[in-house]
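Heads up, the thing below is written out as structure tokens.
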Ligand SMILES: Cc1ncc(COP(=O)(O)O)c(C=O)c1O
């Protein structure tokens, strides 16, 4: 956002269903985060509701490819072009996912908008051994501006053209990622296989909705997130946790109810996000998950609903 020249007071649209980091960077720069509602099935930005969030100060939109599945990028890019907005993809949870456009062409998430950003935090699909991240851009001028901002605003050593930050990837993390990147597709395939196994295991439980696969996107299952529709989500979570099965709520307090962000809501209603907050829970998923571990999880969940 610094590289794209956004100025204090500018507005940036983002989904209300995301990790705090998406809003944090906007607020830190003195920009205004405008939180938008999401689809109940994919949990990603609802493009049919976006017009209401646009005003004269709107400069960018940040789709988040939540839990490993692409937002509807074709519709989002058209919306952004119509309103002359930058598109900054938050690809922290979906590295390695692909999106298919209506003409059949495919692009990787993070490479569709003007800028893509990702996280290499250890729990991510491509994780390093500490903190790390990367930004992607197709445009050479944007790429140069990103490099400059990330390295103290310098265009060449000790010449600082803009105010920047230290956001370089540590060489040791880069070395680890260089090797792990070769295996990303294998990691993601393992997550998908585990998700398919869960899907089959939960298919006959009417109180659960397993993750929806958007035909336009591959799903890299950063999280395996279900919906519980009979109001027993918290009870189920406690039941599973008591047996040592990690059932997590991403995220327990919605962004617009957080102390630091509640002032930004501006009276806008987010009915879908509000409902999802009560229903979603995520079960363990990672590259080394085995069917016998998953059987235990499926058995425990099934027993709860019997
Ligand atoms: C959607 C989303 N955006 C941004 C981030 C921020 O990543 P980092 O903590 O590496 O800055 C994360 C992960 O933590 C995330 O899940």
query: Of the residues that make up region 102-111, is at least one within 16 Å of the ligand (Cβ to nearest atom), assigned to a loop (DSSP other than H, G, I, E, B) and under 14 Å from the mean Cα position of the chain (by Cα)?
result: yes
Quick count over region 200-225, residues being within 15 Å of residue 96 (Cα to Cα) and in contact with a helix residue (DSSP H, G or I) (Cβ under 7 Å, 6 or more places away or on another chain), is 5
- request: With the condition kept exactly as written, say whether any residue in region 121-133 is touching a residue at least 60 places away in the same chain (Cβ under 8 Å), closer than 28 Å to residue 172 by Cβ and more than 16 Å from the ligand (Cβ to nearest atom).
  value: no
For residue 146, the lone unmet condition from (1) away from the ligand (no atom under 16 Å from the Cβ); (2) assigned to a helix (DSSP H, G or I); (3) crowded, with 17+ Cβ neighbours inside 10 Å is (1)
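Results for (1) under 20 Å from residue 125 (Cβ atoms); (2) assigned by TED's automatic domain parsing to the domain that holds residue 289; (3) in contact with a strand residue (DSSP E or B) (Cβ under 9 Å, 6 or more places away or on another chain); (4) assigned to a helix (DSSP H, G or I), shown as yes or no for each residue.
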{"position": "198", "(1), (2), (3), (4)": "yes, yes, yes, yes"}
{"position": "201", "(1), (2), (3), (4)": "no, yes, no, yes"}
{"position": "206", "(1), (2), (3), (4)": "no, yes, no, no"}
{"position": "212", "(1), (2), (3), (4)": "yes, yes, yes, no"}
{"position": "237", "(1), (2), (3), (4)": "no, yes, yes, yes"}
Check your understanding: residue 129: in contact with a helix residue (DSSP H, G or I) (Cβ under 6 Å, 6 or more places away or on another chain) and under 24 Å from residue 100 (Cα atoms), yes or no?
Key -> no
If you go through 117, 71, the only one that is at negative phi, within 16 Å of the ligand (Cβ to nearest atom), modelled with pLDDT of 95 or more and assigned to a strand (DSSP E or B) is 117
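The values are calculated or read from the model by the stated rules, or taken from the named source; none is laboratory data. Since this is a predicted model, take the numbers as computed values, not measurements. For neighbour counting, all protein chains shown are included, and Cβ atoms are generated from backbone atoms with ideal geometry for every residue, glycine included.
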